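Working notes for the structure below.
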Amino acid sequence: MDKPDLSFWRIWNLSFGFMGVQIGYSLQNSNTSTIFESLGADVHQLSYFWLAAPLAGLVVQPLVGLFSDKTWTRLGRRIPFILGGAIVSAISLALMPNAPALLSFAPLAMGAFILLFMDLSFNVTMQPFRALVADMLNDRQKTTGYVVQTFLINLGAVIGAVLPLLLTHLGVSDATAEGRVSDHIAYSYYIGGAVLLLTVLVTSFKTKEYPPEKFAEYNHEETDTPHEGKSSFMELLRDIPRVMLQLGVVQFFSWAALFLMWTYLKPAITGSVTDHFTGELLGDGATQTWVGVLNGTYPIPACIASLFIGGIAARYGNKIVYAVSLLFGAAGFAGLCLLHDQYMLMIPMTGIGIAWAAILAMPYAILSRAVEPRRMGLYMGIFNFTITIPQIAIGLTGGIIIKYVFGSNPVAMIALAGVFMLLAAVSVFFVNESRE
């Protein structure tokens, strides 16, 4: 017996909480560098603080996947981790803007500690969402499930990115002062944490996961027994489908490019982005607000692209759509280096958004068909290595590269991101989609 088709709204509810998580993650991506600069960090140190996210994912996601594969509760197998992680994530978002008050003599250390805690909880919350879609949907609906998830992720990214701008229009101050986080950023974090928790509650109480017997029946397997699944972690690594390794090369280059953008976009455009109407350089506070706008721009074309990716891929093939989308991203990074008008900078973010839509959907749609359902959570967690390792590599070397290779020029780091995205597009053609 195959899994039944789910209605659109049931598919929507599977990933609705992910939208809230992405609001928090978007706030982090847009504002972490600025927060740490306000706490005393300089541009050479920024990449080290950004290591918190990939390090947390490297450790947490495989463990959450492993444990959730064998967890069966009244709420299900994935929902307990999603709900627990969301509670801690909301608390972390509330604490982050208050790092200077929590440890006044060492605010930078407190900020780094909260950031690590926030990333740990984000990863606990996010990881089960990928496996939940694969658990609940049959092969006919998996691409639809990941496309809907991609749409909601990008919707959350837009909301998180524009929250500071919206608050400034409502009269909240964006003034920056040494040693403190501006009010419009702080209130954005408070709102983001509340929305995150509310959306996750919707997923938690609107999703009814299959019980063990039904799950086993739908996947044509015997029900789990206490002594089943004792394979060692190294044995499971040796059994990884080859397509996961091939996709890992694409992931390495594409996520390295994204990490460079998140880390260096603000310093790259500071002192060069100009007001569209006056031609004058934007001030530091206005520049930071505009970074949020730019980070809220690329998810919009990503939302639109996600509506069409599935159909286009069905007609022309996954690899062609994936590669062309990444080429749009490479062109976008080139545009960020060449343009300076605040509104013109939105054009290259469109290309990056198309690439982002493909990065969020295509690898998981391909991978979910090649992974044993019983091990879906674990292998989705292991696949997260292909996201975290490139970020760790860039985080460890970024300070050295920008200082000694590029003469402390952050624009060159954005150009490097374009090269990485181009290499990702080329790597797609070495992926073998056939089930092995």
Requested in this report: Could you give the size of the charge dipole of the chain about its Cα centre, using +1 on the Cβ of each K and R and -1 on the Cβ of each D and E, expressed in debye and rounded to the nearest 20?
Outcome: 720
Query raised in the report: In the chain, with Lys and Arg counted as +1 and Asp and Glu as -1 at Cβ, which of these residues, GLN28, GLN141, TRP9, has the Cα nearest the positive end of the dipole, that is, farthest along it?
Result: GLN141
Query raised in the report: Give or take rounding to whole Å, what are the principal axis extents of the alpha carbon atoms in the chain, in descending order?
Result: 66, 45, 39
Query raised in the report: Zone of PHE430 (label point 7 Å along Cα→Cβ, backbone N under 16 Å): which residues in the range 313-333?
Result: 323
Requested in this report: Grab the Cα-Cα distance for ILE91 and VAL59, subtract it from 0.36 nm times how many residues apart they are, and report the gain in nm with one decimal.
Outcome: 9.4 nm
Query raised in the report: For the range 166-211 and the range 342-382, what is the separation of their C-alpha centers, rounded to whole Å?
Result: 24
**Report entry** Cross-link partners of LYS266 among lysines (Cα-Cα below 24 Å; sequence separation of 8 or more within a chain)
**Finding:** LYS403
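Please give the charge dipole size of the range 112-226, origin at the Cα centre, charges +1 on K and R Cβ atoms and -1 on D and E Cβ atoms. Round to the nearest 20 debye. Before the final figure, lay out each step's value.
Details: 7 positive and 12 negative charges, 74 e Å.
Here the range 112-226 has a charge dipole of around 360 debye.
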Query raised in the report: DSSP H helices in the chain with Cα extent of 27 Å or more along the helix axis and mean Kyte-Doolittle hydropathy at least -0.5?
Result: 8-38, 107-136, 139-169, 183-206, 242-269, 318-338, 346-368
Requested in this report: Quote the charge dipole size of the range 292-436 about the Cα centre in Debye, to the nearest 20; the model charges only the Cβ of Lys and Arg (+1) and of Asp and Glu (-1).
Outcome: 280
Query raised in the report: Mean separation of Cα pairs under 8 Å and 6+ residues apart, divided by the residue count of the chain: what relative contact order is that in percent?
Result: 28
**Report entry** Residue among PHE18, PHE252, PHE406 with the largest mean-square fluctuation in a Gaussian network model of the chain, springs linking Cα atoms under 10 Å
**Finding:** PHE406
Query raised in the report: Quick one: Cα centre-to-centre distance for the range 1-73 and the range 393-432, in angstrom?
Result: 22
Query - Those lysines that a straight Cα-Cα span of less than 24 Å connects to LYS142, excepting residues fewer than 8 apart in one chain - result: LYS3, LYS70, LYS206, LYS208, LYS214, LYS319
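Laboratory data are not the source of any read-out in this text; all were calculated from the coordinates shown. None of these values were measured; they are calculated from a predicted model. Every residue, glycine among them, receives a Cβ derived from its backbone with ideal geometry; neighbour counts consider all protein chains shown.
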